[in-house]
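Notes follow the structure.
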Amino acid sequence: MDSLIRFFESLQTLITWREALIAIGFSLVCSIIVYLMYQIFYGSRNVGAGVHRIFIIGGPAITVLFVAIQVSIPLGLGLLGALAFVRFRTPVKDPAEIGFLLLLVASSICAATSNFLLAGVLFIVVFVALGVQWLARNRISGFGQGHLMLAVERSAFPSLEGSLDTFLKDNLRGVRLETVSSMEDRVTLHYRYRSQRDFDWAAFSAALDRLAEPSKVELFIG
């Protein structure tokens, strides 16, 4: 066993195998925490691209990448060039998912650079902030807002844009368009509106389908 350990230590160029295990293990724990926070504060919503499925393996993988490139600027630039070829096949449907991805990346970098205390403080601050927002969401009007995502066929969008805007203003209070994204043959629109109790989403969806005929509109509610 000692000879095997010495063999692995001889292969190390940046950190020892013990430091590597600590960094990867800490990153894995952080990834699990990010995953659980996503499920607690965000998992009940119907909006999202399912990016949380990469959290468990994404955190340790990012940590190893930063450990490998932290002393080599050319290697880091090469990595950025390689990652330029990678893109999500499914677009991120809600800005909140970007926040969780940034939290995952930040904790992974902290693990790679041994800033464990900084990562702990980050998680405490984020958990408290999300907890306050979750508790106040239904008590303060500023938080009583919902998210609506509509995916429309690109060919049908020009003819539907005007009638769709009128329909949403007639049925949802305080509705406003936040973002518009286009990918392949779909146009995705993200709206924000004031939440309404006992809103009949089934009737809303049926009316939206009738408005869009013969095209199809995909509806995501958050």
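The values are calculated or read from the model by the stated rules, or taken from the named source; none is laboratory data. Keep in mind it's a predicted model, so treat the numbers as computed, not measured. Here Cβ is always computed from backbone atoms with ideal geometry, including for glycine, and neighbour counts include all displayed protein chains.
Tabulated results
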quantity	calculated
Test: residue in segment 14-35 that is surrounded by 15 or more Cβ atoms within 10 Å (Cβ to Cβ), of a type in the set (Ser, Thr, Tyr) and modelled with pLDDT under 85	no
In segment 94-115, the residues that are farther than 26 Å from Ser181 by Cβ and part of a helix (DSSP H, G or I)	Ser107, Ser108, Ile109, Cys110, Ala111, Ala112
Residue within segment 116-137 that is in a loop (DSSP other than H, G, I, E, B) and over 23 Å from Gln39 (Cα atoms) present	no
Tally, over segment 180-205, of residues that are over 14 Å from Val152 (Cα atoms) and hydroxyl-bearing (Ser, Thr, Tyr)	2
Residues being under 27 Å from the mean Cα position of the chain (by Cα) and acidic (Asp, Glu) - total across segment 190-222	1
Count of residues meeting criterion [touching a residue at least 12 places away in the same chain (Cβ under 8 Å), assigned to a helix (DSSP H, G or I) and under 25 Å from Ala96 (Cβ atoms)] in segment 166-221	6
Which listed residue is assigned to a helix (DSSP H, G or I), out of contact with any strand residue (DSSP E or B) (no Cβ under 6 Å at 6 or more places or on another chain) and modelled with pLDDT under 85, from Gly162, Gly142	Gly142
